[in-house]
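Presented below is the structure to which this report refers.
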Amino acid sequence: YDETIQLLSESRPAACRALGEDHFHCLSLAHILGVAHLHRGADLGDFLAAGAIFRDVILRNRKVLGPDHPRTRTSEETFVSALEALEKAGCEAGILKKLSSGILRDEP
């Protein structure tokens, strides 16, 4: 996952400048980057990076594709996995709450 994270971290910004942050391909690249951080899981930082990436991808997917689009749902499911990994890694409850605020569908 190290190579994937390095490659996407270096190349994704240029692609998104050319296509726009909300372009389907940029959202896909961001999702893949988040998955790579989640699966590498070297430390709490990887899980935090994954959570932040998925939070952004979910918000953009909802805006561009709609809340019920399968890609939006997939990003939401993967975001929950990142939150679970963070909790298991001992992340503070306040950080988890801030990261998930306004994202999870079952929130008031």
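The values are calculated or read from the model by the stated rules, or taken from the named source; none is laboratory data. Remember, it's a predicted structure, so these values are computed and weren't measured experimentally. Note that we place each Cβ from the backbone using ideal geometry, even for glycine, and neighbour counts take in every protein chain shown. Accessible surface areas use protein heavy atoms only, side chains included; no ligands, DNA or RNA. Shrake-Rupley method; radii C 1.70, N 1.55, O 1.52, S 1.80 Å.
The residues of the chain have, on average, 58 Å² of accessible surface per residue, using a 1.4 Å probe with all protein chains present.
Assuming 0.36 nm per residue, please report the length gained on full extension of the stretch Leu19 to Leu104 beyond their Cα-Cα distance.
Here the segment from Leu19 to Leu104 would lengthen by 27.8 nm.
Taking every C-alpha pair closer than 8 Å and separated by at least 6 residues, the mean separation divided by the residue count of region 35-81 gives a relative contact order of 30 percent. Within the assembled protein chains, the solvent-accessible surface assigned to Leu44 is about 60 Å², based on a 1.4 Å probe. Of the residues Ile95, Ile58, Ile32, the one that moves most in a GNM of the chain with alpha-carbon contacts below 10 Å is Ile95.
Cross-link partners of Lys63 among lysines, defined as those whose alpha carbon lies under 23 angstrom from its own and excluding same-chain residues fewer than eight positions apart: Lys97, Lys98.
Give me the percent relative contact order of the chain, please, defined on Cα pairs under 8 angstrom at least 6 residues apart. List each step's numbers first, then the result.
Working: 103 pairs, mean separation 24.1, N = 108.
For the chain, the relative contact order is 22 percent.
Cα-Cα pairs above 18 Å in the chain: how many percent?
Counting pairs separated by more than 18 Å, the tail of P(r) holds 47 percent.
Taken about its Cα centre, region 34-94 carries a charge dipole of roughly 320 debye when the Cβ of each Lys and Arg holds +1 and the Cβ of each Asp and Glu holds -1.
Expressed as a whole percent, the accessible surface of the chain that belongs to carbon and sulfur atoms is 56, based on a 1.4 Å probe.
Note on Lys63 and Val80: the model spin-label points, each 7 Å out from Cα along the C-beta direction, lie 2.5 nm apart. Magnitude of the charge dipole for the chain, about its Cα centre and with charges confined to Cβ atoms of Lys, Arg (+1) and Asp, Glu (-1), is about 340 debye.
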